[in-house]
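Everything on this sheet refers to the single structure shown next.
Where a number appears in this text, it was derived from the coordinates with a stated rule and is not lab data. Since the model is a prediction, treat every value here as computed from it, not as a measurement. Quick reminder, even Gly has a Cβ in these numbers, built from the backbone with ideal geometry, and neighbours come from all protein chains shown.
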């Protein structure tokens with residue numbers, strides 16, 4: 001079974017290895033969707049408590065990226081690199097809770113997103 005929790009955060013960045021409009025400093029209101037997979041517990045019927053997932057994403061991701069200059073954290077701050085960075089932060093923590101991170105979707109704009117599922 002899959003659970004999905006969405007978040008939003010604001011941040012600034014620029015693409016230093018890119019020639020074009022996005023090489024200049026600019027910002028986005030990002031939308032993040034985190035999908036976890038697991039088996040519902042026989043005791044409480046949950047794969048994971050949504051509140052626990054929210055706290056984990058807030059602590060490991062949002063507290064670092066929200067209202068930040070992303071390039072200080074991810075030098076070439078493409079949506080693809082950011083999605084992988086988010087995966088790398090969340091996946092080990094979720095495994096310790098016996099659930100699997102299945103997908104990270106990072107929407108840079110309303111119609112442009114990067115999706116990472118842990119496979120290269």
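Per residue, what volume in Å³ does the Cα convex hull of the stretch 57-120 take up? Intermediate results must be reported in sequence, preceding the final value.
Values: hull volume 6.1 nm³, N = 64.
Output value, Cα hull per residue: 95 Å³.
Which length gain, in nm to one decimal place, applies between residue 60 and residue 37 when the Cα-Cα distance is subtracted from 0.36 nm times their residue separation?
Values: separation 23, 0.36 × 23 = 8.28 nm, distance 1.87 nm.
So the chain would gain 6.4 nm between residue 60 and residue 37.
Using alpha-carbon pairs under 8 Å, 6+ residues apart, how would you state the relative contact order of the chain in percent? Relative contact order for the chain comes out at 31 percent.
Residues within the reach of a label modelled at residue 22 (point 7 angstrom out along Cα to beta-carbon, backbone nitrogen below 12 Å), restricted to the stretch 91-108, are 107-108.
222 nm [θ] for the chain, helices only, -39500 (n - 2.57) per DSSP H run of 4+, per residue, to 500?
Working: 2 runs with 25 residues, N = 120.
That calculation yields -6500 deg cm²/dmol at 222 nm.
Taking every alpha-carbon pair under 8 Å whose residues sit at least 6 apart, the stretch 10-54 reaches a relative contact order of 26 percent.
What FRET efficiency comes out for residue 10 versus residue 52 if R0 is 30 angstrom and r is the Cβ-Cβ distance? Round to the nearest 0.05.
Values: r = 24 Å, r/R0 = 0.81.
After rounding, the FRET efficiency stands at 0.80.
By the Cα gyration tensor, the chain has an equivalent ellipsoid whose semi-axes, rounded to whole angstrom, run 29, 13, 12 from largest to smallest.
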